[in-house]
Amino acid sequence: MKISKIPGCGSFGVIIDDVDFNHLTDEEWMEIGKIHMKELVTIIRNTNLDKISYLRWMKKWGKDRMTFEGMLRKKYPDWNGRIDSVTEQEGWEQRDVDSVLGFAQVLEVDIANEGKVLRVCGGRNEHGMPNGLFSEGELLWHSNESGNITFAPGVALLAYQNTTQSATGFLTTVDYYHSVSESFRSELDDMILIHNFTEGKINPGLNDYQDNLMYKNMAPDPNAEIPMVIRSPYGHTGLHYSFNTVVGIKGMSQKESDKLLAGIRKELEDKYVYDHWYQQDGDLCLFDNSITQHRRLGNTEGRLCYRYQYDYNSLQDGPWMPYFQQPYIDRYIDRINFVIPALGNDDEFPMPNKEDYK
């Protein structure tokens, strides 16, 4: 196994070569996981993974989490979680039904009874519905579930077929946070960002079928408040500033916040970006989803990737608290304490307790 630094992501990011998953031990995989949590972005090149083995390895780090599913299960407690049963349920809002059916089109469900992964690809089925999420066109800077206070912290993307005309880009924020003056860093620490879903700010070619899907996944709560500065599962402090859902800064005029946010964005994009242009199929991109953003460039024709969105619970010693300030600590604890049990993941998830954060 050969590890080298990624160019462009500041102090972070590694590329790992010569990993043979057919002979990799669980201990070696967990060690790679710990390296990845520290590095924020990890690219394992030219893996020999198929979609089933990919899912099996990723589940060793933590269970998959789509937060909107947990929120819907809490909202509709009689729902059994089966996609095909949504239309049989009474009392559902149509927008929620549309969101679940939208996800049904892009999921590979119960792969060999192992679980599910999400397809990121183009093309449509016989009914004109997209076969995968973000089906065509460029994908702008974003982090998944960015407007949700209980966003999932990890994402894994397996470049499966026809990826060599495209790139996945990464943008880190830790170095920027530590590069600014102490006084401005203090301002950032106190800054609360307002999040809303805006059509076209993540995937300009987004089609009507996936509007509700993106709304539920990215920013389900209108005018959601989330602190600018948070900590990653490893403990790095950086910015939770996802360009596609942030619409302003709490307590600041639109003009002032637009100017300030644009300045931060420019410096981040000028200094802390790496675009990984695939040289072969089979690369596995692992990236932090808390203080790191990602994007897609290039030609998507025939391109197929598999995405797994997850918690790092098997790599952590205890509960992860992303927030430094109230009332956001308590808001996170309240929501995570119903999302995780609703998903059936609470047997392995280290749940935070309010008593520990007084």
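Annotation: extensible slack from Lys75 through Glu225 equals 51.9 nm (criterion: 0.36 nm per residue apart, minus Cα-Cα distance). Checking every one of the trypsin sites (Lys or Arg not before Pro) in region 34-115 against DSSP loop status and a limit of 13 other Cβ atoms within 10 Å picks out Lys60, Arg82. Computed from the Cα positions only, the extents of region 305-358 along the three principal axes stand at 41, 22, 21 Å, in decreasing order. Over the Cα atoms of region 2-351, the radius of gyration divided by the Kirkwood radius equals 0.94; this is the Rg/Rh ratio. Only Lys, Arg, Asp and Glu carry charge here, each on its Cβ (+1 for the first two, -1 for the last two); on that basis the chain has a dipole of about 500 debye about its Cα centre. Applying a DSSP loop filter and a limit of 12 other Cβ atoms within 10 Å to the GluC sites (Glu not before Pro) in region 126-161 leaves Glu126. Between Gln309, Gln326, Gln105, the GNM of the chain built on Cα springs shorter than 10 angstrom shows Gln326 fluctuating the most. The Rg/Rh ratio of region 135-205, with both radii computed over alpha carbons and Rh defined as the Kirkwood radius, is 1.03.
Multiplying the residue separation of Thr164 and Gln326 by 0.36 nm and removing their Cα-Cα distance gives an extension gain of 53.8 nm.
Rounded to the nearest 20 debye, the dipole magnitude of region 54-208 is 540 debye, with +1 charges on Lys and Arg beta carbons, -1 on Asp and Glu beta carbons, and the Cα centre as origin.
What percent do you get for the relative contact order of region 88-161 when only Cα pairs under 8 Å and 6+ apart count? Here the relative contact order equals 17 percent.
Extent of region 148-267 along its three principal axes (Cα atoms, max minus min coordinate, largest first): 48, 29, 26 Å. Across the chain, the mean sequence separation of Cα contacts (distance under 8 Å, 6 or more residues apart), normalised by length, yields a relative contact order of 29 percent. Mean residue ellipticity, 222 nm, helices only, the chain: the sum of -39500 (n - 2.57) across DSSP H runs of n ≥ 4, divided by residue count and rounded to 500, is -8500 deg cm²/dmol. When only alpha carbons are used to place a centre, region 2-17 and region 96-144 end up 30 Å from one another. Max-minus-min Cα coordinates of region 251-327 on each principal axis give 46, 37, 21 Å, with the largest extent listed first.
Only the coordinates and a few stated rules stand behind these numbers; no lab work does. The structure displayed is predicted, hence computed values, not measured ones. Here the Cβ is made from the backbone with ideal geometry for all residues, glycine too, and neighbour counts use every protein chain on show.
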